[in-house]
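What follows is one structure encoded as structure tokens, with my remarks underneath.
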Amino acid sequence: MSNLSISNSQNIININTRHDKALRNVNAKIASGLENPNPATNPSTSTQSKSIEGSLTITRRIASIAQQLNNTLQIADTVLNANAEILTQMRAHAVAAINGTNTDTDRRDINLSFQEKLALITENAEAKWGSRTLLDGTFSVNYLSTNAAIKQANVPGSPVASDLVVGDLTINGQDIGTVTGDASAIAAAINNFSSTTQVTASASTSATGSGNFVSRTVANPSILINGITVPLGEFAGTESSGQIVDQAVAAINAFDDLADEHIVAENVDGFLQIRATDGRNLSIGYQHITAQNVWGPSVGDYAGSITLSSVLSITIGGNTPDAAGFTSGLTQASGVKTVTLADMRAEALFDSVLPDISSQMGAEAALAAIDAAINKISTERTKIANVVIGVEHIEENMAGEALSLSDALAGVRDADLPEAITESARLEVLKQSAMAALQREIREFAQLGDLVGETLHGS
């Protein structure tokens, strides 16, 4: 290879190396924008990110529920429109049967078609959306009515008292069943039914110091968290509560053995707060630190609590009403509406007296009954149209809320994802171009080598 070719190839390799490094950096930035910050090194931002992420999940779920309800109501309206047309045809049959020029035989023939249409009304009303019958009077569903209802429907819990058994906790009609363990286990069990209940659960456990602070000289102090000993460094006896807490927070969050325990520490108003972000139980102890130094949480065990998002209804029963970490008596969250579709089968439309037009008198009575049935369908369709308007408004609100939360989440995670993704694509193209150029240099050198070989061979 000539010196020029070697130089070109080396330049290409150097450029490609720089592109590759830049690409790794920008892809790392994208990854950081898609993941929560490390709670051990950035606890407050991690908590904020998880909070926004939870709200975003809830918002999208509410939008999904609204969209499904909208689709269901549109189908119900289509069925009612078809049945209204059938009733109009039946009315024409009744008018024909009243006509004195028709014989009883003619009326019986007309009535056969009339009865077929009557049966079709019930058949249509019993149409199903999924596993549920739409218009037999049994369809009823709850939905969140406003944007603000997301926050109104959050149900915080008290510390978990005991395990769950069947009948202890029912959410939106779903019994959560038997669950053995702490708040994290109960939250996981609730989330197993999220597709059915449309409810998500999160759990957390916290222990916070409080009371009078006494500064002391302490050698080799340490704190025990779930049986893990965390050295805190020396206490000189001149520190303030906040200074000691900052020292403890740094030691706890930097202690690798606590990472798998989902433990984070924070300075809360000059006192140490220790949290298990997944809701597992906490056990706190100390070594070489007296009980008077209450800048940290008291020695003992702490149970987690659970928060449910977008709860429509919750029933707590059995012998342990607080077993799931909730106060008994929670039945309905604010900001919730219920839509119920009326029974639109023939029996209901005609008040259990089905019309018969095989006689002139029967046909005359049928006219008034058919008009009343048409009015019932019209009233139900008006109700559905009003609900659809509200549900579509919810969908629009949730789309805007999801967009705002996505922007907020990207900001907290310190990554401008659209810009980073664009930059990643640009660098990938440059990298591929450099590789193509390098391959051309190699091919040209090979061709040159072949030419030199042929020349030498010819000579």
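None of the figures in this text is laboratory data; all of them are computed from the coordinates on show. If you're wondering where the values come from, they're calculated on a predicted model, not measured in any experiment. Glycine gets a Cβ as well: all are built from the backbone with ideal geometry, and neighbour counts include every protein chain shown.
In terms of packing, defined here as the mean over residues of other Cβ atoms within 10 angstrom, the peptides 177-189, 127-139 line up highest first as 177-189, 127-139. Panel order for Tyr286, Tyr143, by other beta carbons found within 10 Å of each beta carbon, from fewest to most: Tyr286, Tyr143. From least to most packed, judged by other beta carbons within 10 angstrom and beginning with the fewest, Ile228, Ile121 follow the order Ile228, Ile121. Rounded to the nearest Hz, the phi-derived 3J(HN,Hα) couplings of region 360-372 under the Karplus curve 6.51 cos²θ - 1.76 cosθ + 1.60 (θ = phi - 60°) are 5, 5, x, 5, 5, 5, 5, 4, 5, 5, 5, 4, 5, where x marks glycine and proline. Of the GluC sites (Glu not before Pro) in region 88-140, not one is in a loop by DSSP (not H, G, I, E or B) with at most 12 other beta carbons within 10 Å. Annotation: amide H of Leu169 within the under-5 Å range of Ile176, Gly177, Gly317, sequence separation 5 or more or interchain, hydrogens built in the peptide plane. A simple count of charges around Glu395, restricted to other residues whose Cβ falls under 13 Å of its Cβ and scoring Lys, Arg +1 and Asp, Glu -1, yields -1.
Ranked by how many other Cβ atoms sit within 10 Å of their own Cβ, fewest first, the residues Phe193, Phe114 fall in the order Phe193, Phe114. Local charge for Leu405 was computed over the other residues whose Cβ lies under 11 Å away, with Lys and Arg +1 and Asp and Glu -1, and equals -2. Sequentially through region 187-197, phi angles give Karplus couplings (6.51, -1.76, 1.60; θ = phi - 60°) of 4, 5, 5, 4, 5, 5, 9, 4, 5, 8, 8 Hz, Gly and Pro residues having no value and appearing as x.
Charge tally for Ala369 (other residues, Cβ to Cβ under 13 Å; Lys, Arg +1; Asp, Glu -1): -3.
Averaging 1/r over every pair of different alpha carbons in region 203-302 and inverting the result gives a Kirkwood radius of 13.2 Å.
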